[in-house]
Structures are given as structure tokens and as C-alpha cells.
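The values are calculated or read from the model by the stated rules, or taken from the named source; none is laboratory data. Keep in mind that this is a model prediction, so the values were computed, not measured. Neighbour counts are summed over all protein chains in view; Cβ atoms, including those assigned to glycine, are modelled from backbone coordinates with ideal geometry. Side chains included, ligands, DNA and RNA excluded: accessible areas come from the protein's heavy atoms. Shrake-Rupley method; radii C 1.70, N 1.55, O 1.52, S 1.80 Å.
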Amino acid sequence: MIDYRRKTVIKGQQELRCGYTTGTCAAAAAKAAAVTLLSGEICRDVSLQLPGGEHIILETEFLECSENCVKCGMIKDAGDDPDITNGLLICAAVEKTEGKTILIDGGMGVGRVTKPGLDQPVGAAAINSVPRKMIHEAVEDVRRQYAWEKGLKVTVFIPNGKEKAEKTLNPMLGIVGGLSVLGTTGIVEPMSEKALIDTIAVDIRMHRAQSEDILLMAPGNYGLDYLKAAYHIHPEQVIKISNFIGDSIDLAVCEGASGIVLA
């Protein structure tokens, strides 16, 4: 077993501690809730397989049980990454259904997609593809283990998620009502450039999905403020790209944009 909270990476001259994604916490919470629901025994520690094949053990923070539903929560530990979700309780409610499938949805504090071009379709909970797969596989393993042939519904929820989401890019990206459940590897590497570039890629895809052929870009707030003051262009119309100008140009080309205006 690997504890990624103890794994470190070197950034500059600093040794920084890794952490877990919201997707990992949601999958672990769902698995612990499913074990408790189907076995009738409290699950305090849960083993989870990450997308890369590694196995980790996470400790449950709370469990709330009823006859047909169990709610479980995990504390999000982002390591030394300045992640706004660090320390939040990431929860999942698992309940028995009459169907045969595993249903996954978002509840309180998980955002809803309102614009095309994102990982999930309009109207869906903002639980990205990899976390959905992790949740499904974790719960399916439990269902097989306890020979449960009927369906299960998993509802991911994040207390205080709606308030925290107001400080993220979610409102600009068209995700309303809460945070996104994210992660591709299951772990958080502090100050990951890849995560920033992935965010820019999502924003570019969203603008292209709205048939924007020439993309407006700005490294930061100075550019956004200038465009708003000089041309009455709202910040939501502009892609914020930080220092990743070359990567942003490459991404725009890959998405078929015919031009860029860089402020």
C-alpha cells in the first residue's frame, strides 16, 4: 500500500507533500458506504485502487447509517498544494435501488454543468469521467463481494461546496451550484503545471463549443480589466492563460480555432 500523503515531489528547491484528489475521496467514501450498507458492519478504513494501479488506504471521517442508505465522508488532504478543497469533507451516500445498475449523481455542494464543451454533458453533475469510473469500479467490487444483484445509487455531496465554488473558475466555466469532482491519476502533485494547463484546455474547449472561432486570451487580471474597460468585454468571454502562452496557442490550434487575440 502507498500513502501519497507521505510521497513528496521536488518543486524548485522545495520538497512538497502529495495528496489525494476529490475524485479519490469520493470513490473511497462511496466504497466505505457500500461496504457498510451491504455487510451491516461499520467500515472505518477502506482500500482503494488508483487509476495507475496503486492501492491506498483511507480512513473514514464519519458514517451515518439507516436501513437502506449509508452516508460516508472523507477529509480531502491535498498535501502541500494550495487547493481550495483541502480539508473539506467529501461525502457519498449509497442506497439500495430496485434496478440492476449503479447510478452516480451529485448532490449538495457538487456543481451542475450548464454549458457545452466540458467533460460532462449539460445538466449532468460535475463529476468528471475518471472519478465516475473510480466510483463505479469501487462500488461494483463491493457489490460482487457481497453478491448484491440489485442496483445501488451513489450520490456525491460536499458540505460547504457551494460556498467554496464561488472562489473557483467554476462559475466562469458554466458549472453552477458547487464544486467539481476531479482527478486523472487520483493524486495531487503540489503546484502542478499540468493541472493549470488542463484547466486552460477545458476553457478553450468550452469557448470552441460555443462556436467561437477567434479566441480572446489574457495572462491575468490586467488583461481582463483592460478588455472590460476599453471594449466592454466581460471576463467570462476571455480565456485566462497565466504564463502558458505557447501551450495555449497549441491547444487553440488543436481545437480548430482560426485566430487568437491576446491582451
- For segment 125-147, the count of residues that are in contact (Cβ under 8 Å) with a residue 24 or more places away in the chain, open to solvent by less than 70 Å² (accessible area, probe 1.4 Å) and over 18 Å from His55 (Cα atoms) equals 5
- Item | Residue list for segment 66-124, filter: open to solvent by less than 30 Å² (accessible area, probe 1.4 Å), under 22 Å from Gly174 (Cα atoms) and in a strand (DSSP E or B) | Ile90, Gly106, Gly109, Val110, Val113
- Give me the pairs, please: first residue somewhere in segment 213-234 and assigned to a helix (DSSP H, G or I), second residue anywhere and open to solvent by 10 Å² or more (accessible area, probe 1.4 Å), beta-carbon distance under 6 Å, and either six or more positions apart or on two chains. Gly223/Ala263; Leu224/Pro235; Tyr226/Ala263; Leu227/Ile233; Leu227/Ala263
- Query: Tell me, which residue of segment 204-246 that is among the hydrophobic types (A, V, I, L, M, F, W, C), closer than 18 Å to Pro171 by Cα and touching a Gly at 6+ places or on another chain (Cβ under 6 Å) is most open to solvent (accessible area, probe 1.4 Å)?
  - Reply: Ala209
- Pairs returned, first residue in segment 179-201 that is in a helix (DSSP H, G or I), second residue that is open to solvent by 50 Å² or more (accessible area, probe 1.4 Å), beta-carbon separation under 6 angstrom, 6 or more apart or interchain, are Ile197/Asp247
- Message: Can you tell me which condition Gly183 does not meet? The list is (1) small (Gly, Ala, Ser); (2) modelled with pLDDT of 95 or more; (3) buried (at least 17 other Cβ atoms within 10 Å of the Cβ), and all the others hold.
- Response: (2)
- Cβ-Cβ below 6 Å, separation at least six or inter-chain, first residue in segment 79-95 and touching a residue at least 24 places away in the same chain (Cβ under 8 Å), second among the hydroxyl-bearing types (Ser, Thr, Tyr) and part of a strand (DSSP E or B): which pairs? Ala93/Thr155
- Restricting segment 149-175 to residues that are open to solvent by 70 Å² or more (accessible area, probe 1.4 Å) and farther than 16 Å from Cys25 by Cα, which is modelled with the lowest pLDDT? Leu169
